[in-house]
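Just so you know, all these numbers are worked out from the coordinates, no wet-lab data involved. Everything quoted here is computed from the prediction, not taken from an experiment. Backbone-built Cβ (ideal geometry, glycine too); neighbour counts: all protein chains shown.
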2 protein chains.
Amino acid sequence: MLIPRSIKHCRTCGGAVRYEIPPDDNRDRAVCTLCHLVHYENPLNVVGTVPAWGDQVLLCRRNIEPRYGLWTLPAGFMELGESTADGAIRETVEEAGAHIELEGLFTVLNVVRVGQLHLYYRARLLDTEFAPGPETIEAGLFREAEIPWSDLAFRTVRATLERYFEDRRKGSFGIHCADIG
Amino acid sequence: MLIPRSIKHCRTCGGAVRYEIPPDDNRDRAVCTLCHLVHYENPLNVVGTVPAWGDQVLLCRRNIEPRYGLWTLPAGFMELGESTADGAIRETVEEAGAHIELEGLFTVLNVVRVGQLHLYYRARLLDTEFAPGPETIEAGLFREAEIPWSDLAFRTVRATLERYFEDRRKGSFGIHCADIG
């Protein structure tokens, strides 16, 4: 993630930047002292899926930092040139090698503290053949009672899984928005 | 918006960057030729509201480029340190000086071509006293038949307004996801 106020040089001319409030603006930006380009720092989107096989969901054990060794839903940073749905599918393929059919948007979770918005889609697994990528130690299917709740990598993963199993019991899935502290 | 491949210098050391695929990655990134920092370029979020007063909706006429003079819902780039809801309220205050109570998330619109995700919330106007900011020529209330459909600034505004009035006729509001070409 881009740490706010971490810009030291202009991306266009390489000149030193100074943090100041530009004219017609109301917050500090990195402004180039040579060419006066204003650099904006904005939140990033993380997109992922809840891949389901009957009453089981697919989790991946992380082979990378942060949270090495902990379990996560397949997810990662949204890239230019793709939609949130495209990105969610791509991350599911990259991290789990899973074959899915995307269903509806499921959670929209603000994580203000780290400048991120997490969007998870429901997905239907088409088979149980997985091929974990280099970012994943292992991928596996878990019923609600088998979820490693105390070894989950991120609070947005917990929030998404809790809402998923709750809606599944109800027999209807909504779209859930929340702020994650 | 950040134009992809527009980075020429490293934000940390000011060195020249080269676009190349870093180890353990699968797409071109701006990599510093001196300190090897990898610079990521990601989609930006635009957040806004559909402020309603009975059967009328608040629109703002843009006093800035792009789309100077055309009509928009209050919206703008999400900032670090705020949630999507915080940003939607802030933009409504900045652009229209409107007093609102936020209601549910309403549209989630991917605009892949420009690397943006637009999120609009429904909002209830608490009064009809507006105080347009410097980015707005005028703010006004419009019934469905009065909306200046051919003078709207953005396709996401049109998509949001169409779905808003459709749901209003139905008597129930959903959350709508779409890709806007």
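Looking only at strands (runs of 3 or more DSSP E) that fall completely inside the range A:89-181, which ones have 3 or more residues that are surrounded by 21 or more Cβ atoms within 10 Å (Cβ to Cβ)?
Strands (runs of 3 or more DSSP E) meeting the threshold: A:100-111, A:116-125.
When only residues in the range B:1-13 that are β-branched (Val, Ile, Thr) and in contact with an Asp or Glu (Cβ under 9 Å, 6 or more places away or on another chain) count, which is farthest from the other protein chains (Cβ to nearest Cβ)?
Once the filter is applied, the top-ranked residue is B:Ile3.
On the basis of being without any contact (Cβ under 8 Å) to a residue 40 or more places away in the chain, in contact with a Phe, Trp or Tyr (Cβ under 9 Å, 6 or more places away or on another chain) and not polar (S, T, N, Q), does B:Val31 make the cut?
Considered against the rule, which asks whether it is without any contact (Cβ under 8 Å) to a residue 40 or more places away in the chain, in contact with a Phe, Trp or Tyr (Cβ under 9 Å, 6 or more places away or on another chain) and not polar (S, T, N, Q), B:Val31 comes out as yes.
Being farther than 22 Å from A:Tyr68 by Cα and in contact (Cβ under 8 Å) with a residue 12 or more places away in the chain is the filter; apply it to the range A:130-166 and report the residue that is farthest from the other protein chains (Cβ to nearest Cβ).
Restricting to residues being farther than 22 Å from A:Tyr68 by Cα and in contact (Cβ under 8 Å) with a residue 12 or more places away in the chain, the top hit is A:Arg143.
Could you identify the single residue in A:Gly69, A:Gly54 that is under 26 Å from A:Arg169 (Cβ atoms) and out of contact with any Gly (no Cβ under 8 Å at 6 or more places or on another chain)?
A:Gly54
Have a look at B:Gly133, B:Gly174 and point out the one that is within 25 Å of A:His176 (Cβ to Cβ) and either of a type in the set (Lys, Arg) or in contact with a helix residue (DSSP H, G or I) (Cβ under 7 Å, 6 or more places away or on another chain) (or both).
Result of the check over B:Gly133, B:Gly174: B:Gly174.
Report whether or not A:Glu82 is more than 10 Å from chain B (Cβ to nearest Cβ) and without any contact (Cβ under 8 Å) to a residue 24 or more places away in the chain.
In short, no.
So which of B:Arg90, B:Arg67 ends up being under 30 Å from B:Glu166 (Cα atoms), free of Cβ contacts under 8 Å to residues at least 40 places away in the same chain and charged (D, E, K, R)?
Just one listed residue meets the conditions, B:Arg90.
Given (1) touching a Gly at 6+ places or on another chain (Cβ under 8 Å); (2) within 11 Å of chain B (Cβ to nearest Cβ), where does A:Glu91 come up short, assuming only one miss?
Condition not satisfied by A:Glu91: (2).
Which one is farthest from the other protein chains (Cβ to nearest Cβ) among residues in the range B:14-39 that are in a loop (DSSP other than H, G, I, E, B) and surrounded by 15 or more Cβ atoms within 10 Å (Cβ to Cβ)?
By that ranking, first place goes to B:Leu37.
Considering A:Val57, A:Val47, which residue is within 14 Å of another protein chain (Cβ to nearest Cβ), outside any helix (DSSP H, G or I) and surrounded by 24 or more Cβ atoms within 10 Å (Cβ to Cβ)?
A:Val47
Is it true that A:Arg67 is of a type in the set (Lys, Arg), over 22 Å from B:Asp179 (Cβ atoms) and either within 14 Å of another protein chain (Cβ to nearest Cβ) or in a loop (DSSP other than H, G, I, E, B) (or both)?
Here the answer is yes, as A:Arg67 does meet what is asked.
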